[in-house]
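Nothing in this text is a laboratory measurement; each read-out follows from the coordinates by a stated rule. Bear in mind that the values here come from a model prediction, so they are computed numbers and not experimental data. In this analysis, Cβ positions are derived from the backbone assuming ideal geometry, glycine residues included, and neighbour counts consider all displayed protein chains.
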Amino acid sequence: MAVQSLYRRYRPRRFDELKGQEHVVRALRNAVINHREGQAYLFSGPRGTGKTSTARILAKVLNCESPEDGEPCGICNSCGSIDSGNSYDVLELDAASNNGVENMRDLIERSSLGNPGRHRVFILDEVHMLSKAAEAALLKTLEEPPPHVVFVLATTDPQKVSETIRSRTQHLQFHLLPLHDLEEHVRWVIKDANLKVSEDAIAHVLIQGGGSARDTLSALELIAAGGGEVGEQMSSDEFIEAISEQDPARALAATAFSIQQGNDPRSLTEEIVRHLRECFLSLMAPELVQLPEQRATVVADQARKLGPSTLVRSIEVLGESLIEMRHAPDARLLLEVSLVKLTNQTLGGDIAAIIGRLERLEAGVVRTADATGPVAKPVPVNPATGKVQVGGKARMPQTSTPTPATQPKPVASTPAPASVSKPSEPASDSQVVAKWAEVLTGLKPFVRALYSAVTPQSCNDTTLTLAAPNEMHMTKAQEHIPVVVAQLETVTGRTLAIEFTVDKDATSPTSRNARPKVQETEISDEVDRSEIVDAPNKAMPSAMDQLTKAFPGSQVVDQAKKK
Ligand SMILES: [Zn+2]
């Protein structure tokens with residue numbers, strides 16, 4: 001028997017063989033049964049999810065001599081020739097390599113020639129790669145398609161298909177296959193093709209496939225050709241463990257081995273990123289992890305050891321190197337540099353590296369020299385969501401910090417909330433005044449600004465009296481009395497009411513904040529010249545002193561301007 005790839009051999013030939021695309025199948029079968037098939041379809045979805053296979057099935061059923069319930073018979077001449085790829089009714093064009101306007105004109109010319117009574121199906125793969133001119137030519141044809149012609153435009157990137165094209169087509173979206181469906185399919189193929197493949201290898205194949213039927217079967221084919229075992233292939237586990245153990249030598253050895261085995265650095269990097277992504281999902285949204293159960297447990301354990309920061313940083317660093325690899329002559333070097341960065345956190349002094357290190361310390365991964373080192377602490381899991389809690393705040397034990405009410409109250413005194421913890425020894429009256437600065441620092445910025453301008457005047461058993469610079473300021477400050485009372489209690493251990501007075505001297509700058517009053521020395525009207533000469537040599541004479549020295553016998557007329 002001629003060697004045929006597994007994917008071709010097990011390519012779906014009927015709608016009901018199409019895996020995981022029930023919504024697409026339903027729409028197309030109903031259209032065929034009711035003879036209401038469209039003339040232009042846009043099939044979008046990841047590679048290997050069955051877009052062109054579906055287009056071929058559509059072509060078959062439209063031309064089948066005895067279709068049944070919207071399915072092709074699969075045995076008539078027409079079905080046979082389409083299956084073997086010799087039919088004139090199906091035309092496949094890869095828009096990525098035939099993206100010019102000439103290719104499109106040629107296609108359109110051919111589309112106008114048709115056998116009466118037969119449907120011709122034009123499949124344009126990767127339609128988002130068409131040039132502008134080619135797209136314009138296609139658009140014209142889509143506006144008035146020849147009868148019995150069906151266009152199927154396939155793309156992995158529907159956002160890049162112009163809006164005008166999209167608006168003239170029926171858009172059907174193909175999805176990646178759920179793991180369960182894919183596993184069932186793989187096991188069926190193994191049985192049908194009589195392959196010998198180990199359980200480990202099946203798990204490996206499913207991971208490699210990443211939800212694409214074609215990629216999965218290609219991976220299966222490789223494994224089967226190699227004896228059905230995963231063999232000596234370096235698994236990406238080695239890289240993940242090297243990052244988590246902070247072992248650059250291990251990471252570099254794994255790289256060398258992998259490349260020696262024939263992996264290219266780019267796809268190797270992609271594989272590591274894919275693995276890191278699984279770890280990331282396993283931390284953040286375990287329900288989205290598409291892995292066999294046993295494998296999911298391994299990945300969850302790796303994810304826990306790495307911690308979210310290291311995971312994010314690793315994905316970022318390797319993702320950046322993937323972009324650079326497009327232009328770099330030596331992709332391997334880029335991969336190696338990235339891996340060393342990730343396995344030697346001292347090289348990356350950024351905050352993410354430090355947070356990552358802390359998280360791994362918390363997870364008990366970093367080995368410490370002495371036995372009294374940090375005790376392994378399980379990563380906290382939110383019982384409501386079953387997800388790991390991330391971030392500094394979530395990790396802190398939840399302490400209740402009572403926030404006192406801040407409603408404006410015209411009353412001058414308010415009892416403080418009782419729940420505030422008190423210092424062991426309440427402060428004395430004078431200590432309360434002395435601790436005023438400490439009280440201020442604990443207030444919110446706005447309240448702190450207001451209360452910075454008031455001065456504690458006196459304190460007795462029940463009341464602290466504050467002096468405000470003016471009436472308006474006092475009224476403003478009174479609105480926040482409850483917060484200040486609470487803060488006062490926290491700092492001094494005393495439950496005090498607050499009363500206000502207006503400081504009559506408050507307009508004088510020197511009386512603010514109970515600053516010690518500056519001693520203003522009288523300057524005598526008459527200055528003895530000998531005194532000046534004999535005056536003690538001050539280190540820093542004031543400007544006024546210097547002036548009076550310069551003008552012996554002068555008088556200072558306006559004292560207010562002294563400062
Ligand atoms: Zn048929």
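Structure above, values below:
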| read-out | value |
| --- | --- |
| Potential extension, residue 229-residue 361 segment - 0.36 nm per residue separation minus Cα distance | 43.8 nm |
| Sites residue 463 and residue 288, calculated FRET efficiency, Cβ-Cβ separation with R0 60 Å, nearest 0.05 | 0.45 |
| Gain on full stretching of the segment that runs from residue 261 to residue 431 - 0.36 nm per residue minus C-alpha separation | 53.5 nm |
| Long-range tail of P(r) for region 6-173 (Cα pairs > 28 Å, %) | 16 |
| Gained length - residue 295 relative to residue 17, 0.36 nm times residue gap less alpha-carbon distance | 97.3 nm |
| Spin-label model distance (nm) - residue 118 vs residue 69, 7 Å beyond Cα toward Cβ | 2.9 |
| Cβ-Cβ FRET estimate between residue 173 and residue 448, R0 fixed at 60 Å, reported to 0.05 | 0.60 |
| Karplus (6.51, -1.76, 1.60) ³J(HN,Hα), θ = phi - 60°, over region 260-277, in Hz, Gly and Pro reported as x | 4, 6, x, 6, 8, x, 5, 5, 5, 4, 4, 5, 5, 4, 4, 5, 4, 5 |
| Residue order, fewest to most surrounding Cβ atoms within 10 angstrom, among 279, 64 | 64, 279 |
| Tail fraction, Cα-Cα pairs, region 429-514, threshold 18 Å, whole percent | 35 |
| Pairwise centroid distance, computed over Cα atoms, of region 187-214 with region 52-105, Å | 28 |
